[in-house]
1. Just name the residue that is surrounded by the most Cβ atoms within 10 Å (Cβ to Cβ) out of those in the stretch 210-251 that are out of contact with any Lys or Arg (no Cβ under 9 Å at 6 or more places or on another chain), part of a helix (DSSP H, G or I) and among the small types (G, A, S).
2. Which residue out of L156, L112, L197 is in a helix (DSSP H, G or I) and outside the structural domain of S594 (by TED's automatic domain parsing)?
3. Looking at I259, I263 in this structure, which one is without any contact (Cβ under 8 Å) to a residue 24 or more places away in the chain and in the same structural domain as P342 (by TED's automatic domain parsing)?
4. Taking the condition of being of a type in the set (S, T, Y) and modelled with pLDDT under 90, how many residues in the stretch 175-224 meet it?
5. Y354 - would you say it is buried (at least 20 other Cβ atoms within 10 Å of the Cβ), within 25 Å of F23 (Cα to Cα) and of a type in the set (F, W, Y)?
6. Against the condition surrounded by 22 or more Cβ atoms within 10 Å (Cβ to Cβ), under 26 Å from T521 (Cα atoms) and touching a strand residue (DSSP E or B) at 6+ places or on another chain (Cβ under 9 Å), how does L560 come out, does it pass?
7. Among the residues of the stretch 472-529, how many are basic (K, R) and in contact (Cβ under 8 Å) with a residue 60 or more places away in the chain?
8. Out of all the residues in the stretch 359-370, is one or more of a type in the set (S, T, Y), at pLDDT 65 or above and not in a helix (DSSP H, G or I)?
Amino acid sequence: MNFLFKKLIRTVFKNWTQFFSVFLMAFLSILFYTGLEGTWNGMKQNINQYSVQTQLATATLQSTGISENELNQIRKLPDVSKVSAKTEINTTTNLNGSKRYLTIDTPGTQQLSKTMQTNGHKIDVNHEGIYLNQKFANKNGLKKGNNITVKFNNQLVKLKIVGMVNSPDKMYYTGSNDFISPQEQNYGYGFVSEKTLADQFKVPMINNMIDLKDSDNTKIESQIRKIIGNKYIALQTQKSNIGISTAVDRVGQIRNLSILFSIIFILLAVLAMYTTIRKIIDQQQKDMATLQSLGYSNTTLSLYYSMYGAIVGGIGAVAGLLVAPVLSNFVMESQKPMFSLPSWQISYTKVPLYVAFSVILICTISALFAAQVNQGLTPAQAFRKGSIAKISKRVSLERLPNLWNKIPFGNRWSIRDNLGNKIQMLMGLIGVVGGLALVMTGFGTKNSMDNQVNQTYGHEYSYAKKINLTHDASQSEINRIVKKTNGEKIEVVYTSLQPKGQFDRPLTILDSGSKVNVKTTNNEKIKDGGVYLDEGIAKATKVKKNSIVTLSPSLSDRKLNLKVKGIIKSNAPQGIYMTRQTWNNEGMKFTPTSVLTIHNKIDASVKDNSAVNQIVSLKEQKNNAKAMVNNLSSIFLMVQVFGILLTIVILYNLGSLSFTERSRSYATLEILGFSRNQIRNLTIIENLTITAIGWIVGIPFGYWFLSRYVTTFNTSQIIYYPFLTKASLILSSLIVIAASLSTVVMIGSRLKKLDMISSTKGIE
């Protein structure tokens, strides 16, 4: 065995270029999974540790304000173990010549969702001044000790910044429901003491934000509604609060990505190992026959060749484990702009070791199977260089002599050879189909997310500006704004949904107009007489068209039983819709919360109107949504690069194996009078045929795979639908076709060097 081991090492070094593809497959498989695991598991551990350390609330009650008596009743609920009451106000400030929005809270009891300073210290609940969130301060050039002037109820309040903080329920802080990704420069939050709130803002404790630790969100939601009645706005759980759920969802997205693509990489690594070992064995027929003659059994030789898989696969796996932290840190860095966590340490489980062992085992088994080609052959038979070639058999097409005889002889040989070696042809098809699916998914995932942005902000919502109104805006002021802007009124409230609603959802009531163009899965517009649910909500609650659902809108103690008239196909946000007429028919008052206008230029009288809280442009919303997609661009790019690499390596390997197995057949064709150009043309036709079949199968398979894959990015707020641009489809096809045709170039160069005489020799 010592001799065989030395021979193994010599062979690996001598044929390192052929073994490099196996090394690359094993390396990429481990690198991709382990690298991404370091990110998602690191984020998971950091989020869990942060949540435990700060006693993150399981739910947060939003209301118009509740009394001490009502608060005590909530404390006594059997499913509630802890309560922390806060008061929250919305203020504005002018920084660097621009208007900024700052949400200010009192710190509460600090028993739940504890606010931590960035230096790790707790905050002083009786402090004078303001604790400001770190990212907002950094983006606006503010530091500890600086003063900031905020505006509330037309009064200016000057506050000293006493520290920088992060809040556990704002790990992903957008600042406004109009945006789906953070805008740190424009939106921030801070904490002031109850005394500061009363003395400087002239606001008493109204307890409009209540952090809760409970054991059953659904049960306490109905109990709290009974206690506070129409003061109820929403109960945000850890699943519905985007400040928390988006961070948790991102962990799942990266985890699913690592698992899904690693499986594909490993499957393609099997192809790479199998084809490489087959090439090595084909080139070492005489060596194998000599070893058999010297007394080495086929079993010993099979184990010997399986060691190629173990060693090369092992080196690739170990290299992948060693390089993985680089990829982990790279992906982790890409997530920092979106999330606010106190720690960004990467972390691994034992799973990468199991995956590495599996890759080594798979490579070993693949090599073992590839080494069975000489089983049952005597040394004399094995000495024949072409002895492993499959014997061509008649094919079904030959039963049609009129058609068969019209096919040129060379093409008839090619058809017989391919159909006689179905495994080889199948591997070629798998290489094309798998490669195309990978590349399509790499391009298609970003296309799908870009399409979500374009569909939502431009098609579903076609206004230019959204004018958000204050909660106490009078009807006369609203009508004046509508007239000035030629606008369209909408109302957005929160509502619970039964059955199986899980948490409160946004309910949008549409007045007449066309600024909101959402349509059903049957391409129908929203009509009177019922309620419409977004597809994501319908699937989560298992509600179908014509079902009866019960809505409990915020700021009301009414329950509305309505028929589901349709399921909306909309990307974001996932919500519920009805017309103003339907809302009024249920005895509900239409109170607009926003005015939508197609005019980009808003009159100063509207901007300065006391009824206007904020003006948001559709362009801002679209750019903000693109920022979230761009945050994942590094991952998409990685998938594209890895997919292209895998496709090139696999298809080149398959072509190289095909040449090695057919060298004797090529020599025979030349003896029969075929020129080398004609032989090369045969390989081109054959290659194009397999590529064409693989492309035809690969397009629908690739789209199916993309449609399954994009669902891993779905959240409770956003649903992604598969979308692939024509440019991406053409580019994906060209990449795979180019990789496939590269084998023709390789065969052409090898044909020039092929020794036709030695290729047709039998036993020396």
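The values are calculated or read from the model by the stated rules, or taken from the named source; none is laboratory data. The model shown is predicted, which means the values in this text are computed figures rather than measured ones. Heads up, the Cβs are rebuilt from the backbone with ideal geometry, glycines too, and the neighbour counts pull from every protein chain shown.
1. The qualifying residue surrounded by the most Cβ atoms within 10 Å (Cβ to Cβ) is A247.
2. L197
3. Residue meeting the stated conditions: I263.
4. 5
5. Here the answer is no, as Y354 does not meet what is asked.
6. Here the answer is no, as L560 does not meet what is asked.
7. 5
8. no
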